[in-house]
Amino acid sequence: MSEVRVRFAPSPTGYFHLGSARSLLFNWLFARRHGGAFILRIEDTDRTRYHEESVSDMLDGMRWLGLDWDEGPEVDGPYGPYYQSQRLSLYQEYAQGLLDSGHAYKCYCSLEDLEQMRQEQQKRGLPSGYDRRCRTLTVRQQAGREAQGMVPVIRLKVPLTGTTSFSDLIRGQIEVQNDKLDDLVLLKSDGFPTYHLAVVVDDHLMRISHVLRADEWIPTTPHRILIYDALGWTPPLFAHLPIILSPTGQGKMSKRKTVDSDGREYNVLVHEFRAAGYLPEAMFNFLALIGWAYDDKTEILTRQQIIQNFDLAHVSSAPAKFSYDKLDWMNGVYIRSLDVDDLAARLLPFLSRTGLSADAETLRRITPLIQERLTTLADVVAWTDFFFTGELDVKPEQLIDKRVSAELAIEVLERAYQILSELPAFDEQSIEAALRAKAEEMGLKARQFLGTLRIAVTGKKVAPPLFGTLAILGRDKVLQRIAHARELLVS
């Protein structure tokens, strides 16, 4: 394969979406697989929809996912600048060249003219589209309009007959009748290019070899081919990636956070997944498998394995469903693969942001107790908050149930208090041996004795392993909580 140069070219009109991240990742993988270059270009010519925080949000998301770029913002390169708003003179130059060669023309129709045109077409049952009324204006007619202060746009002069075709690397040959194509606008009246002109000029000048993008852009590709032809340039190779379906499998994944019929809230932005406690390693692996597969069974792959095996031949043309269940499972696998120190360091910010006074050393001791139980990093709060609080908000009814009466619960707490207060060594093994022996002595099942004690010291029915929990909490805090629970039952 000749030199591979691919690009990700987002428009900064919103926050970094998961669908964009998947397209970006496939471009990045293709470049890394073939030893090519990955270029980041910001297509910011649509100033009416420009979102100031979009670029920084995207760059932060790319860094989090470990996706570096060889040319672009903050890196530069030989084909910059990499913001389209800084390249306006180039687009204007090539638009004028298309006018001079007869491949484009000036259009003086106002927005009101276009709306009236659309309404008339609807009344007559015709397809909506520009009717090319300015295509045949003479030089004298153009001069007359400009003398009236009318500022034209520049439109592509699409051939009225024949076909335009291209070979898609995923979908094969695609052909469109030219009479189905509009004479689209290339340069707006304010001197800013439309997406269609700017992307062709930039892809050519930046020597882009392959364009990997979502399949929703297939309808624009024939226009792009025609612009390449009009400029006398060879177009890059195209590969249109499968659409990502919503978790329900019905329709395209939304660009906004949604709630399903079960009340589950679904994230769609990269920074939302980061804040929810997903690991970048898991997200990288997961995104790579939306529309691509190594084989029909392998799910967990390292970054290097994905790079080495990424191939467009294994990218599906069929829509790919986004599965939160699969992502949750995969994230849990990656969490369990981390060493304790690494995991504890990642968990600490999730506790700190809730206002809990968590310290790194205590959390380091807790982490082995909860590592197998975490789905996301954010789960750490529900599993460990009681370690970093003072008095628990335990209700009397929590300490009793059909297996444990109030009287029995009081006795369990009193016996546990006595044993734990007298225990020579307050470590996990000593605590377990003493408590299990006492439960057996009282003729109680372990879940009766230990269940009551668990609620008294953690405030939860489900908590990390009890004996390790007690050892980490420490004798003083454990005895204080047992005494408080007993007071609730006897008062």
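What follows draws every value from the coordinates through simple rules; no lab data is involved. Keep in mind that this is a model prediction, so the values were computed, not measured. Reconstructed Cβ throughout: ideal geometry from the backbone, glycine too, with neighbour counts over all protein chains shown.
Rounded to the nearest 20, the Cβ-based charge dipole of the range 396-490 about its Cα centre (Lys and Arg +1, Asp and Glu -1) stands at 340 debye. A straight Cα-to-Cα reach below 27 Å connects residue 460 with the lysines 395, 402, 438, 445, 477, residues fewer than 8 places away in its own chain not being considered.
Which ordering of 233, 383 is given by a fewest-first count of other beta-carbon atoms within 10 Å? Write out the running numbers ahead of the final one.
Numbers: 233 14, 383 19.
Ordered from fewest to most neighbouring Cβ atoms within 10 Å, 233, 383 come out as 233, 383.
Share of pairwise Cα-Cα distances greater than 34 Å in the chain is 53 percent (whole percent).
If you fit an axis through the alpha-carbon atoms of helix 18-33 and take the longest principal axis of the Cα set of the chain, what angle between them do you get, 0 to 90°, nearest 10? Result, in degrees: 80. In order along the range 321-329, the phi-based Karplus estimate (6.51 cos²θ - 1.76 cosθ + 1.60, θ = phi - 60°) of 3J(HN,Hα) comes to 7, 8, 10, 5, 4, 5, 4, 4, 4 Hz; Gly and Pro are listed as x.
Ranking 469, 452, 77 by Cα position along the charge dipole of the chain, where only Lys, Arg, Asp and Glu carry charges on their C-beta atoms, puts 77 farthest toward the positive end. Selection among 187, 245, 162 by position relative to the dipole of the chain gives 162 as farthest towards the positive end (Cβ unit charges, Cα centre).
Nearest 20 debye, what's the magnitude of the dipole of the range 78-196 about its Cα centre given +1 on Lys and Arg Cβ and -1 on Asp and Glu Cβ?
Using only the charged Cβ atoms, the result is roughly 180 debye.
Distances over 21 Å make up what percent of all Cα-Cα pairs in the range 240-331? Value for the range 240-331 (Cα pairs over 21 Å): 33 percent. Other residues within the sphere of radius under 12 Å centred on the Cβ of residue 197, judged by their own Cβ, net out at 0 (K and R +1, D and E -1).
Under the classification rounded if a/c is under 1.5, otherwise prolate if a/b is larger than b/c and oblate if not, where does the range 338-410 fall, given a ≥ b ≥ c as square roots of the Cα gyration tensor eigenvalues?
Details: a/c = 2.87, a/b = 2.10, b/c = 1.37.
It comes out prolate by the Cα gyration axes.
The dipole here belongs to the chain: it is taken about the Cα centre, uses +1 on the Cβ of Lys and Arg and -1 on the Cβ of Asp and Glu, and is about 1020 debye.
Cβ crowding within 10 Å, taken as a proxy for footprinting-reagent exposure, orders 431, 39, 419, 225 from fewest neighbours to most as 419, 225, 431, 39. Amide H contacts of residue 187 (H built 1.01 Å from N, in plane; Pro and chain starts excluded): 154, 194 sit under 5 Å, all sequence-distant by 5 or more or on other chains.
Counting other C-beta atoms within 10 Å, which of 256, 87 has the fewest, and how do the rest follow?
Values: 256 9, 87 19.
By the 10 Å Cβ count, ascending, the order reads 256, 87.
Here the Karplus curve 6.51 cos²θ - 1.76 cosθ + 1.60, taken at θ = phi - 60°, turns the phi angles of the range 197-202 into couplings of 6, 4, 5, 5, 4, 5 Hz, with x standing for Gly and Pro.
When the gyration tensor of the range 87-241 is built from Cα positions, what are the square roots of 5 times its three eigenvalues, in whole Å, from largest to smallest? All intermediate terms of the calculation are to be shown ahead of the outcome.
Details: eigenvalues 152, 82, 35 Å².
Values for the range 87-241, descending: 28, 20, 13 Å.
Please name whichever of 480, 286, 320 sits farthest to the positive end of the charge dipole of the chain, dipole taken about the Cα centre and charges placed at Cβ: Lys and Arg +1, Asp and Glu -1. Sorting the options by dipole projection puts first 320.
Seen against the Cα atoms of the chain and their longest principal axis, helix 111-123 is set at about 90 degrees. Using the rule -39500 (n - 2.57) for each DSSP H run of four or more residues, divided by the residues of the chain, the 222 nm mean residue ellipticity is -13500 deg cm²/dmol. Rounded to the nearest whole Hz, the Karplus-based 3J(HN,Hα) values (6.51 cos²θ - 1.76 cosθ + 1.60, θ = phi - 60°) of the range 409-418 follow the sequence 4, 4, 5, 4, 5, 5, 5, 4, 4, 4, with x at glycine and proline.
Qualifying GluC sites (Glu not before Pro) in the range 378-484, where qualification requires a DSSP coil assignment and no more than 15 other C-beta atoms within 10 Å, comprise 391.
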